[in-house]
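Quick notes on the structure that follows.
Derivation of every value follows stated rules applied to the coordinates shown; laboratory data play no part. This one's a predicted model, so the numbers in the text were calculated from it and none came from an experiment. Neighbour counts run over all protein chains shown; Cβ positions are idealised from the backbone, glycine included.
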Amino acid sequence: MKVMAQMGMVMNLDKCIGCHTCSVTCKQAWTNRTGLEYAWFNNVETRPGQGYPRGYEDQAKAKGGWVRTSKGRLRLKAGSRISRLISIFSNPKMLNIKDYYEPWTYEYDNLITAPLGQQTPVARPKSLLTGKPMKIEWSANWDDDLGGGPENIEKDPILKKLAEDVTTKVKLAFEETFMFYLPRICEHCLNPACVAACPSGAMYKRAEDGIVLVDQQQCRGWRMCVSACPYKKVYFNHKTGKAEKCTLCYPRLEIGLPTVCSETCVGRLRYLGLFLYDADRVTEAASVENEQDLYQAQLDLLLDPNDPEVLKAARAEGIPEDWLVAAQNSPVYKLAKVYKIALPLHPEYRTMPMVWYVPPLSPIVDVLTETGHDGEDAGNLFGAIDALRIPLAYLAELFSAGDKEVVEGTLRKLSAMRSYMRDINLGRTPRPEIPAAVGMDQESIYEMYRLLAIAKHEDRYVVPAAHAEQAEDLERMGQNMGCSLDGVNLGDANAGPFGQSSGNPVPVTIENFNIMKARQSNE
Amino acid sequence: MSSIDVLLWSVLPYFAISSFTIGLMWRFKYDKFNWTTRSSQLYEGKLLRIAGPLFHLGLFAVIGGHIVGLLVPQSFTDSLGLSHEAYHLGAISMGGAAGVATLLGIGLLIYRRRTTAMVFVETTKNDKGMYIFLVATLLAGSAATLSSAGIIGKEHNYRETVAPWVRSILTFRPDGELIMASPLAFRIHAITAMVLFVVWPFTRLVHSLSAPIGYLFRPSIVYRTRDVRSSAGNRRSRQGWERVKY
């Protein structure tokens, strides 16, 4: 057993109102640069819908993620290493900018500089890539809130995948405008296809917290990661010619702050915390034969942070004490593994994604209430779950490789929680048979309610700071340990024959939390 | 040998080698960030799908041909019993095919670059200059192939002139007289190629040095520990702003 820590996220889809604040603040923080105009490290897509980039979930076409070979081994869906190296001169599965959208701006200047005339001056759209006037035909959110109608929605790869009868069901329901939102960031997978596909070895998983990053000095722009990621969350910066992606805001996490998307989330639907997992068993778990077993296999990888054996193994791997405490208090571990109400997005891609989702429940309550039933009565709710307006099969395709029982299980827990809590809120005697019906006890269902409904900042984000003091120790070691070359002027090791002023690394943050605190309290 | 000949055939080669090697080292140390293919596939994929592999794979064959043709002495192939005629037939047919593929590829690539608005906008002056040297080298090389076959001018055996000259350079005993006996096309090809090596490290051509062969041998998932020295609060101070040592 090799214990590793992984920073993970859970999003409670019931709470997402589709306001795109996460996308906007993320864009302001990370991608408001030339070369990444079209890129959204965080995007919110309306489901049913095509998603961003268009139809990324159609893996028969996009060839993202992993496949299990007949021998039971994992191979990237894009092909063997050699075949991918040969196709390096023109990646056959590379996306075109039109699959995302052509970024544009408007000729705002025209509004104030146009000569006096009969017509009101207009700001025409202008392509940010060619500088020429363009027709806006698609964007990251063109089908937002089911925009474009059935014509657009029918191209949803998940709808296409589902059986005929289900499609008609969703189509009928379309008149009742049913939808939900799916915010997406990089999944920071345990078995990332992008990392495996990078010919330069520039992409890596950080050993400390599992964040998947691109080394900008080492990336050579082969763009294999862009197509290998089944979620299409690695973007090609067309200005620098390098891959860029969601960093899980690691400069913030390192000083104990939540990511920008989490911090600014209006619905407070995001949870951040640590998972401890067994790194030795990742490949084995990702290679289970039946796709519907992948969710359970992924769940089995997550280790119990209260198990003394696990703690001992974690300490042996050098995971700091405060990180172990954070893992014990981790909200994402509770939601994913203890309560089992958070599910991974598309486990069938075999990448072991580490951003989990609590599937949406809300609409059935409203539907039941409209039909004159008591929408929050446990009996009615349980019966109505398979009559959801958005078919269970659709949610199951997203979150459990099509296994409806898994999604139904989480929805039953959520509805049980509502019924149970309603009795408490209305001053009636709580009914222990409700949590019992979903295999929970009163205490745990109440704690789950606290975590989902009250969700204070410190409960939602349990982010242990990175250990910068280790770095300081290292530095001091070099200075004061004493060495046979002491007093010999070796010059600056980084200076090199061409002087120091060229090629300085660009700093990511100016000062860390501890330094800032020391400065503020000293002066 | 006039002084200009000495400059061209005994000095320029070493200048090219120095510029190429030192330039590459400088670029690798100080400009890794811009060391990339600067791929334009995001803008346009259909033409690139044909032109990219055509050019690159053709070029690999051309480079392989050069290595064999320039570095393997004629006496060696003679000793293997390979007749002069057979060697040239092979060299010209394979080299010709590779040359045609490369020229066709780069022709398509330049056409694509000029006609696709997005790609053209992203073409830098540096790229345009590089294309001039690259295409000039390819064209002169093709002309030299034709001339060695006797299609242009008199048939010429470059393995008695150009190849020994290259080996004389590599063994640090430059002998310009050798190449001066070759037809003009060969000499122009040699000069443009040397100029191409001079500018190589300062253009996008550097990506050719990054052929990711190591990919075949590394584990699938790469783990790295946090680089503590370059992380927040621990970066090297800027020149003139070094911390006081105590």
### Task
Report Rg (one decimal) and Dmax (nearest whole number) for the range A:33-121, counting Cα atoms only, units Å.
21.1, 74
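For the pairs A:K239/B:K32; A:K98/A:K239; A:K77/A:K233; A:K161/A:K340, note any where the Cα-Cα span goes beyond 21 Å. It would help to have the intermediate numbers written out before the result.
Working: A:K239/B:K32 15 Å; A:K98/A:K239 17 Å; A:K77/A:K233 16 Å; A:K161/A:K340 26 Å.
Long pairs (Cα-Cα over 21 Å): A:K161/A:K340.
Dipole of the range B:3-214, Cα-centred, from +1 at each Lys and Arg C-beta and -1 at each Asp and Glu C-beta, to the nearest 20 debye?
Details: 17 positive and 11 negative charges, 183 e Å.
My answer is approximately 880 debye.
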## Note on the structure
Out of B:Y158, B:A193, B:I179 - ranked by how far each Cα lies towards the positive end of the dipole of the range B:3-214, with unit charges on the beta-carbon of charged residues - the top one is B:A193
### Query
Where does the range B:68-161 land on Rg/Rh, using Cα atoms and the Kirkwood Rh?
1.13
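Assign unit charges at the C-beta atoms only (+1 for Lys and Arg, -1 for Asp and Glu), then state the dipole size of the protein assembly as shown relative to its Cα centre in Debye, rounded to the nearest 20. Before the final figure, lay out the partial values.
Numbers: 86 positive and 79 negative charges, 474 e Å.
I would put it at about 2280 debye.
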### Message
Using Cβ contacts closer than 10 Å as the measure, can you line up B:L8, B:L89 from fewest to most?
### Response
B:L89, B:L8
### Task
Report P(r) for the protein assembly as shown: all Cα-Cα distances, bin width 20 Å, range 0 to the bin holding the largest distance, values in whole percent.
14, 40, 31, 13, 2, 0
### Kirkwood-Stokes translational diffusion coefficient of the range A:194-275, alpha-carbon pairs, 10 °C, 1.306 mPa s, µm²/s
115 µm²/s
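Å³ per residue of the Cα convex hull, for the range A:408-450? List each step's numbers first, then the result.
Details: hull volume 2.4 nm³, N = 43.
Convex hull volume per residue, Cα atoms: 55 Å³.
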### Query
What order do you get for A:M352, A:M224 when you list them from fewest to most C-beta neighbours inside 10 Å?
A:M352, A:M224
### Query
Using the reciprocal of the averaged 1/r over all distinct C-alpha pairs, how large is the Kirkwood radius of the range B:3-214 in Å?
18.6 Å
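Average partner chain C-beta neighbours within 10 Å, per residue of B:38-51?
6
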### Query
Out of the range B:150-213, which chymotrypsin sites (Phe, Trp or Tyr not before Pro) are coil in DSSP terms and have no more than 14 other C-beta atoms within 10 Å?
B:F172
### Task
Determine the distance separating the Cα centre of the range B:164-194 from the Cα centre of the range A:405-422; give it in Å without decimals.
81 Å
### Message
What is the ratio of the Cα radius of gyration of the range B:141-181 to 2.2 N^0.38 Å, with N the residue count, to two decimals?
### Response
1.24
### Summary
With the dipole of the range A:410-467 defined by +1 on each Lys or Arg Cβ and -1 on each Asp or Glu Cβ, the option from A:L451, A:V462, A:T410 whose Cα lies farthest towards the positive pole is A:T410
### Query
What's the exposure ranking of B:R114, A:R460, going from fewest to most Cβ atoms within 10 Å?
B:R114, A:R460
### Query
So for the protein assembly as shown, taking the charge dipole from beta-carbon charges (+1 Lys/Arg, -1 Asp/Glu), which of B:T77, A:A297, A:P183 sits furthest toward the positive end?
B:T77
### Query
Which whole-Hz ³J(HN,Hα) couplings does the range A:209-221 yield from phi under the Karplus relation 6.51 cos²θ - 1.76 cosθ + 1.60, θ = phi - 60°, glycine and proline marked x?
10, x, 6, 8, 10, 10, 6, 5, 7, 9, 5, 10, x
